[in-house]
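A short write-up of the structure that comes next.
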């Protein structure tokens, strides 16, 4: 199937999952994950009406943003503090804030370039030592830390459930954490589990493979 056909298929499935959960499909945003996807494939998606894309690598985001006029960007991957300069002010939303040190670096850069950077706190819902994300118990303090920094804003939470485990309990847990903090944005669900994420309240689903096919590994 073409990128256009895949987008239609994914869009229909998102709408069906939302309706099955008693939700308006317009409350779910499709973020097309374009990491390692060549720019021409991203252009195909843009021609098909998709404008919002997610990148995992800071310099790849920088380069694609320069090349693909009219695209909108979110940043998804672990963000090293020395690469914050490539992301702040380029990505509308950073999904992967997981520490006070990273928050401070983002806030300093946002101050410098004169923007208010929208962010999500990434939560390590499976307590996996190999994964990024703050511990569930650290969420309230990190969310509160945003209030003391005028150049950043926390809009919600993001998670990646453990591989091989049923994802729904982790999605439900993230939704509860967000509700406790009064946050409305939930970035959760990928190509294999976005229907379950929508049932749990996801407002952003991150879909790459189902749109672009198997991705190339980054060298």
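The values are calculated or read from the model by the stated rules, or taken from the named source; none is laboratory data. Note that the coordinates shown come from a computational prediction; the quantities given were computed from them, not determined experimentally. Positions of Cβ are generated from backbone atoms using ideal geometry, with glycine treated the same way; all protein chains shown enter the neighbour counts.
Residues that are more than 20 Å from residue 118 (Cβ to Cβ), assigned to a loop (DSSP other than H, G, I, E, B) and in contact with a helix residue (DSSP H, G or I) (Cβ under 6 Å, 6 or more places away or on another chain) do not occur anywhere in the range 69-87. Given the criteria under 16 Å from the mean Cα position of the chain (by Cα) and surrounded by fewer than 19 Cβ atoms within 10 Å (Cβ to Cβ), does residue 31 qualify? It is false that residue 31 is under 16 Å from the mean Cα position of the chain (by Cα) and surrounded by fewer than 19 Cβ atoms within 10 Å (Cβ to Cβ). The residue that is nearest to residue 54 (Cα to Cα), among those in the range 187-197 that are surrounded by fewer than 20 Cβ atoms within 10 Å (Cβ to Cβ) and touching a residue at least 60 places away in the same chain (Cβ under 8 Å), is 190. Please determine, by comparing only the residues of the range 198-213 that are at pLDDT 95 or above and more than 13 Å from the chain's Cα centre (by Cα), which one is surrounded by the fewest Cβ atoms within 10 Å (Cβ to Cβ). Out of the qualifying residues, it is 209. Among the residues of the range 37-57, the ones that are surrounded by fewer than 17 Cβ atoms within 10 Å (Cβ to Cβ), in contact with a helix residue (DSSP H, G or I) (Cβ under 8 Å, 6 or more places away or on another chain) and either closer than 13 Å to residue 69 by Cα or at pLDDT below 95 (or both) come to 2 in all.
I'm checking my understanding of the structure. Among residues of the range 192-211 that are in a helix (DSSP H, G or I) and in contact with a helix residue (DSSP H, G or I) (Cβ under 6 Å, 6 or more places away or on another chain), which one is nearest to residue 28 (Cα to Cα)? Checking each candidate, the answer is 198. Just so you know, in the range 161-186 the residues that are under 20 Å from residue 56 (Cα atoms) and in contact with a helix residue (DSSP H, G or I) (Cβ under 9 Å, 6 or more places away or on another chain) include one that is surrounded by the most Cβ atoms within 10 Å (Cβ to Cβ), and it is 186. For residues in the range 91-121 being under 16 Å from the mean Cα position of the chain (by Cα) and outside any strand (DSSP E or B), which is surrounded by the most Cβ atoms within 10 Å (Cβ to Cβ)? The qualifying residue surrounded by the most Cβ atoms within 10 Å (Cβ to Cβ) is 98.
A quick yes/no check of all residues on (1) in a loop (DSSP other than H, G, I, E, B); (2) modelled with pLDDT of 95 or more:
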{"site": "132", "(1), (2)": "yes, no"}
{"site": "137", "(1), (2)": "no, yes"}
{"site": "180", "(1), (2)": "no, yes"}
{"site": "183", "(1), (2)": "yes, yes"}
{"site": "190", "(1), (2)": "yes, yes"}
{"site": "215", "(1), (2)": "yes, no"}
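Of the residues making up the range 3-28, those that are surrounded by 11 or more Cβ atoms within 10 Å (Cβ to Cβ) and outside any helix (DSSP H, G or I) number 3. Could you list, in sequence order, the residues of the range 91-101 that are without any contact (Cβ under 8 Å) to a residue 40 or more places away in the chain and in contact with a helix residue (DSSP H, G or I) (Cβ under 6 Å, 6 or more places away or on another chain)? Within the range 91-101, no residue meets the criteria. Within the range 141-168, the set of residues being part of a strand (DSSP E or B), free of Cβ contacts under 8 Å to residues at least 40 places away in the same chain and closer than 14 Å to residue 200 by Cα comprises 157, 159. Residues in the range 76-90 that are farther than 14 Å from residue 32 by Cβ and crowded, with 23+ Cβ neighbours inside 10 Å: 79, 87, 88.
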